[in-house]
Amino acid sequence: MKLIKSLFCYVGIFVFTSLAYSQKLTNYVDPFLGTGGHGHVYPGATVPFGMVQLSPDNGEEGWDWSSGYHYSSNTIAGFSHTHLSGTGIGDWCDISLLPLTDTSNIRQEKIKILFSHKNESAKPGYYSVALDNKINCELTAAKRTGFHRYTFPGKEGWLRFDMGFQINWDKTTDGVLRLLNDSTLIGYRYSTGWAKGQKVYFAARFNKSVQSIVFINDSIRTGNSAIGNKVKAALKFNTASPLEVRVSISTVNTDKALLELNQSNGDGFDITAKKADALWETELQKIKINTNDKNLATKFYSSLYRTCMAPVVNSDADGAYQTHNNLQNKFTKGKEKYTVFSQWDVFRALNPLFTITQTLRLPDMINSMLQLYQDNGLLPVWDLSTWEANTMTGYHSVPIIADAILKNIKGFDYNMAYEAMKKSAFQKERGTPAYIQYGYLPQDKHGWSVTMTLEYAFDDWCIAQVAKKMNKTADYNLFIKRAASYQQLFDASTGFMRAKDSKGEFIEPFDPLLSEHGFDGQYIEGTAWQHSFFVPHDIDGLSKLYGSSEKLVKKLDDLFAAPSELHGANTSADVSGLIGQYAHGNEPSHHIIYMFSALGHPEKAAHWIKVVSDSMYKTGPDGLTGNDDCGQMSAWYIWTSLGMYPLNPASGKYVFGFPLINDATLQLPNNKQLKIQTKFNGRTKESNKYVKRVYLNNQLITKGYLTHQELLKGGNLIYELN
């Protein structure tokens, strides 16, 4: 009888789990998650890594409108075709369209139309809102084309194209609008902001004839064409039936935009929306989790969705692109050229995830980095529209490329990549010469000296590993020595990494709670507490500086117990999500919890993983505690949900933490699968405190981590909780 009951129990579990896995996963994505608070993400329509990000703009300015949209707003000033996801600086928002019922205010610089969130909805590849002017707006997207559908309340309606629309740092420098025929409008917008020399060309086609056109704020008008940095045009249509608009974009010229527009002619709005949904479903199906817990499933799949927002395609279908300094008709060496490389953020967890989920795209992404090296002379630090913004510290294209090489990902030139990595390590800017000269970066030679020393040391370790793989012994010896530079800044009396001057003296006075948001600070976007533990390549060496691994563990305990306050007259807004001085809302803290596991204390790691996952990741607009930063915040949640994390993101080792999921299936790039299962020692998951044992294909793993090569073998990974 017990056997029969057990059999029915197992069958029930199998059926229940199978039903959970068979769910349409796009249903669990909430594009509004993170649009409030400081998440800085946009809710609009795009496809994975698409060139078009078609989304509403509130018309507001400020840090929390870096994506053009914030959930606290109740106005929409237009729907533009390019947006940044989760960044800290506002830019792009090119080629803005706004539907209007009349022309009473068409000459205003910004027209803000009221709306209610109860009349707004979104899902992957689709966005809709009913504005208070009674116009229903729907958006969807293909890779290089945005699709609009506007249903007007009356038989007469207007559509305003605004080449002068801008937010925050971005300013329009030139614009053109030209009506080619009764159903086609072309033009471009040039701008400068965070990135200089930005150029976006477009071609738009309507499903009905333009009845009339009014140019606004044009400096030069010739027939059906106008030019000027604030140029706008209001087009009149018969709107007895819905007005549909296709807008294709290019970085090269309007001819290329027209070519893309003509190629998109076969699909209407509904078909495009279905195709976009299918593309997103394919991405989400790469990691299937049990979806019985709807809140967890929403957080997980919304996070996985956000990992596909950057970088984005920046080339035309034939591979052509234009650089910021007007080098036209260049062609990428890969299939597609990408931009939006937020390397300081994404090298930590997002790019290691790409070596599993994006192996077909990753070579093109790396080739794009190498193309930027050839175009600009160095690998990107923060590339936006082929402009090197040089934002943040380190030369973190290095660990991204090194990780790919060490994992044997093909499709790019290893020799060129190694040459480029060395060039970054010997560049003549960003404090690198002083770092090489002194063995650390003195604060009187360059700001952010502590952060830069620690991050350069890690990047140099990455170069050393590639040199070793390529049998470059002399280079290996050089860079492995530079990888120990972090030791120069350790102050045993305080237990912190501290700034020194060029005489080798620690900078006084010292306050571990001091946050200086500016170029002269000692730590970028943080305090000594958050940055002192960034030695992911040498946890053993860091332990020796503290005197033992247990003393380092004690310092980590102190991190979480420290006062959750910042000192200074200009503290950094990026330091958010504080638990003690652990700041999960910003990247420098992301690896720290997993140091507990590496130091032999999985119970401490498990405790803080559960606290952070429950308190820093929620559903709804305020679901993210800090900027998503092009998917890094989301990638942390994906790895953590699966019970592991790339503590050293170029080591190919995934340190165990505490799984948030009951079971999952990873579709691996070699057509194998890794099935993850969590076994509970107790009646509820909550009663389990940490991971006691891990088995891979029935073999006990004793080293505390899973290697990339082990993961690629697939099979069954079982977490046994205690």
Subset of the range 128-152 (residues that are farther than 12 Å from Phe269 by Cβ and among the hydroxyl-bearing types (Ser, Thr, Tyr)): none
Among the residues listed as Thr625, Thr619, the single one being over 30 Å from Lys410 (Cβ atoms), buried (at least 21 other Cβ atoms within 10 Å of the Cβ) and among the hydroxyl-bearing types (Ser, Thr, Tyr): Thr625
Elements of type strands (runs of 3 or more DSSP E) in the range 101-144, at least 3 residues being more than 30 Å from Thr282 (Cβ to Cβ) and assigned by TED's automatic domain parsing to the domain that holds Pro43: 113-123
Failed condition for Thr291, given (1) touching a Pro at 6+ places or on another chain (Cβ under 6 Å); (2) part of a loop (DSSP other than H, G, I, E, B), with all others met? (1)
List the pairs whose first member sits in the range 89-105 and is more than 30 Å from Asp383 (Cα to Cα), whose second member is basic (Lys, Arg) and buried (at least 18 other Cβ atoms within 10 Å of the Cβ), and whose Cβ atoms are under 7 Å apart, counting only residues at least 6 apart or on separate chains? Leu100/Arg160
In the list Tyr414, Tyr418, Tyr395, Tyr440, which residue meets the criterion of being among the hydroxyl-bearing types (Ser, Thr, Tyr) and surrounded by fewer than 18 Cβ atoms within 10 Å (Cβ to Cβ)? Tyr414
The condition of being on the phi > 0 side of the Ramachandran plot, in contact (Cβ under 8 Å) with a residue 40 or more places away in the chain and over 35 Å from the mean Cα position of the chain (by Cα) holds, among Asn217, Asn238, Asn224, Asn168, only for Asn217
Output the helices (runs of 4 or more DSSP H) that fall wholly within the range 324-382 and possess 1 or more residues being hydroxyl-bearing (Ser, Thr, Tyr), or say none. 350-357, 362-376
Residues in the range 166-177: is at least one surrounded by fewer than 21 Cβ atoms within 10 Å (Cβ to Cβ) and under 24 Å from Val210 (Cα atoms)? yes
Pick from Gly495, Gly526: which is closer than 19 Å to His591 by Cα, touching a residue at least 60 places away in the same chain (Cβ under 8 Å) and touching a Lys or Arg at 6+ places or on another chain (Cβ under 7 Å)? Gly495
What are the pairs, 6+ residues apart or on separate chains, where a residue within the range 543-560 that is within 11 Å of Gln581 (Cα to Cα) and among the hydrophobic types (A, V, I, L, M, F, W, C) has its Cβ under 8 Å from a residue that is in a helix (DSSP H, G or I) and at pLDDT 95 or above? Leu556/Ile592; Leu556/Met595; Leu556/Phe596; Leu556/Lys604; Leu559/Trp529; Leu559/Ile592; Phe560/Trp608
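Each row is one residue, and each column tells you yes or no for (1) at pLDDT below 95; (2) within 21 Å of Trp608 (Cβ to Cβ); (3) assigned by TED's automatic domain parsing to the domain that holds Pro602; (4) of a type outside the set (A, V, I, L, M, F, W, C).
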residue	(1), (2), (3), (4)
Ser485	no, no, no, yes
Thr494	no, no, no, yes
Glu505	no, no, no, yes
Asp520	yes, no, no, yes
Phe533	no, yes, no, no
His537	no, no, no, yes
Phe560	no, yes, no, no
Of the residues in the range 398-409 that are β-branched (Val, Ile, Thr) and more than 21 Å from Tyr486 (Cα to Cα), the one that is surrounded by the most Cβ atoms within 10 Å (Cβ to Cβ) is Ile401
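The values are calculated or read from the model by the stated rules, or taken from the named source; none is laboratory data. Just so it is clear, the structure is predicted and the values come from calculations on it, not from any experiment. Positions of Cβ are backbone-derived with ideal geometry, glycine not excepted, and every protein chain shown enters the neighbour counts.
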